[in-house]
1. State the answer as a single residue: which of Ala145, Thr176, Phe163 lies farthest towards the positive end of the charge dipole of the range 131-229, with beta carbon charges of +1 for Lys and Arg and -1 for Asp and Glu, about the Cα centre.
2. Roughly how big is the chain's charge dipole about its Cα centre, with Cβ charges of +1 (Lys, Arg) and -1 (Asp, Glu), in debye to the nearest 20?
3. What is the packing order of peptides 158-167, 218-227, taking the mean over residues of other C-beta atoms within 10 Å and listing the highest first?
4. Whose amide H sits under 5 Å from the amide H of Met61, counting only residues 5 or more places off or on another chain, with H placed in the peptide plane?
5. Return the long-range amide H neighbours of Thr36 (sequence gap of 5 or more, or a different chain), with a cut-off of under 5 Å between placed amide H atoms.
6. Please report the projected area of the range 9-128's Cα convex hull averaged over all directions, in nm².
7. Per DSSP H run of n ≥ 4, the term is -39500 (n - 2.57); total these for the chain, divide by its residue number, and report the mean residue ellipticity at 222 nm rounded to 500 deg cm²/dmol.
8. Search the structure for amide H atoms under 5 Å from the amide H of Val156, placed 1.01 Å from N in the peptide plane, and list their residues when 5 or more places away or on another chain.
Amino acid sequence: MSVAARPHNVLVIDDDTTLLELLSGHLEHAGYRVVTATTGAEGLRLLSEQTTDLAIVDVMMPGMDGWEVCRRIRLRSGVPVIMLTAKSEEVDKLRGFSLGVDDYVTKPFSFAELTARIGAVLGRARAASTPDTRIASGDLVIDLARQEVTRAGERVELTPTEFRLLEALAREARRTLSTDQLVEQVWGYRYAGETEHVKHYVWSLRRKLERDPGDPRHVLTVRGFGYRFE
């Protein structure tokens, strides 16, 4: 007799109580278990008290805004995060991704779209956690099962997005992947053409992984095309 998988636990942090009520109903109907918070502090408390598979965080909240909430989440957890915001400027997206945000949904949005994004983010997180492969390059070791990276035996702290980018490159070691391929694999097809994300995160990875980021030995640039992991 098979055991049914437990529903995914989704934490939604937003000061709009009407949105919380409507969104909770929609997500519960879609099969998720939903917990809500109207402040960043309350959301962080809930995150520490229970199992959370994914957090949805609104940027514009009084007191502690969504950026600060996300920063604090990343200090304690690798749980996937989707940001809700009324802003659509590139600089805001890059700020979110630099904090380890996994996806970015601009208001107004449809509940169907957000539900699809949740499924995609959870799917990527699940895929990243299932392999039992270890990839080594010099003193750099990538443990795909544990989603851990060490250099000379010391653990390297990566955000979930940084790890997914490194994994995408490492799985195709010595093969050059185009920036478009990396965008699709790491961020999804909705971000097609937004290649600045790749450039930003490659630099972030190099600062953490390379002894000399200006002369990288692991994450290499293939000019005019993309990147390769050696």
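1. Positive-end residue among those listed: Thr176.
2. Dipole size: approximately 760 debye.
3. 158-167, 218-227
4. The answer is Gly66.
5. Amide H neighbours of Thr36, under 5 Å, 5+ apart: Val12.
6. Spelled out: convex hull of the Cα atoms, projected over all directions, averaged, 6.8 nm².
7. Taking each H run of at least 4 residues, the total per residue is -13000 deg cm²/dmol.
8. Val149, Thr150, Arg151
Every number in this text was worked out from the coordinates using simple rules, so none of it is lab data. Values in this document were obtained by computation on a predicted structure and should not be read as measured data. Ideal geometry is used to build each Cβ from the backbone, glycine not excepted, and the neighbour counts take in all protein chains shown.
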